[in-house]
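Working notes, beginning with the structure itself.
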Amino acid sequence: MPANEYVVRTKDLFKEFTMGDSVLLALDGVQLDIFRGEYISIMGPSGSGKSTLFNMIGGLDKPTSGSVFINDVDMAQLDAHELAYLRCRTIGYIFQTFNLIPVMTALENVTLPMIFAGTPTDDCVEKGIKLLNLVGLGDRLQHKPSELSGGQQQRVACARALANDPA
């Protein structure tokens, strides 16, 4: 894909949450274009819709109305299997709370997305070690999340997000 093409594009993105008798408008017609290689920051106060926007872009939630395109694919047109494939192969998630599996080591947490993608075990381990070395945790491969600092857990989450070479 050429550098001038969109990686992410949203059109008229709305998200409403019903809370009892009231409706909370979390996203109000968001238009966003992100090009390949572009680095952006989404900033705003707590409750302003940042996480909701990321959940829409990541395919973790569906908008009330509007469209989300990843690499020019309209996510609303994908069935559950196609959406899972897109998330696995195209998007690398780093969750706010890291979402590391507590009973798994750093290496196991990093290799998990590759296993789900069908990568052979030896390749998973080799790449997992490389990614943990990349984030400065090559000496913590066998440590579980409870044995790592918050910053180290965040780096494991970053390595895991890179596991399947997301776009």
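The values are calculated or read from the model by the stated rules, or taken from the named source; none is laboratory data. These numbers come from a predicted model, not from an experiment. Positions of Cβ are backbone-derived with ideal geometry, glycine not excepted, and every protein chain shown enters the neighbour counts. Each accessible area value is taken on the protein alone, full model and side chains, heavy atoms only, with ligands, DNA and RNA left out. Shrake-Rupley method; radii C 1.70, N 1.55, O 1.52, S 1.80 Å.
In this label model, residue 11 and residue 117 are separated by 2.9 nm, measuring between points 7 Å along each Cα→Cβ vector.
One Cα centroid belongs to the stretch 1-66, the other to the stretch 72-129; the line between them spans 21 Å.
Measuring nothing but protein heavy atoms, the accessible surface of the stretch 1-47 at 1.4 Å probe radius is 53 percent carbon and sulfur. Per residue of the chain, the DSSP helices (runs of n ≥ 4 H) give a summed -39500 (n - 2.57) that works out to -10000 deg cm²/dmol at 222 nm. Where does helix 150-161 land angle-wise versus the long Cα axis of the chain, in degrees 0 to 90, nearest 10? So the inclination is approximately 80 degrees. Protein-only accessible surface at a 1.4 angstrom probe places the residues 67, 46 in the order 46, 67, largest first. Within the assembled protein chains, the solvent-accessible surface assigned to residue 24 is about 90 Å², based on a 1.4 Å probe.
The lysine pair tally for the chain, using Cα distances under 20 Å and a gap of 8 or more places or different chains, is 7.
For the stretch 32-110, applying the loop criterion from DSSP together with a ceiling of 15 other beta carbons within 10 Å to the GluC sites (Glu not before Pro) yields 38.
Compared with the dominant principal axis of the Cα atoms in the chain, helix 106-116 is inclined by about 60°. Here the chain is treated as a sphere whose radius is the Kirkwood value from Cα pairs; by Stokes-Einstein at 20 °C and 1.002 mPa s it diffuses with a coefficient of 123 µm²/s.
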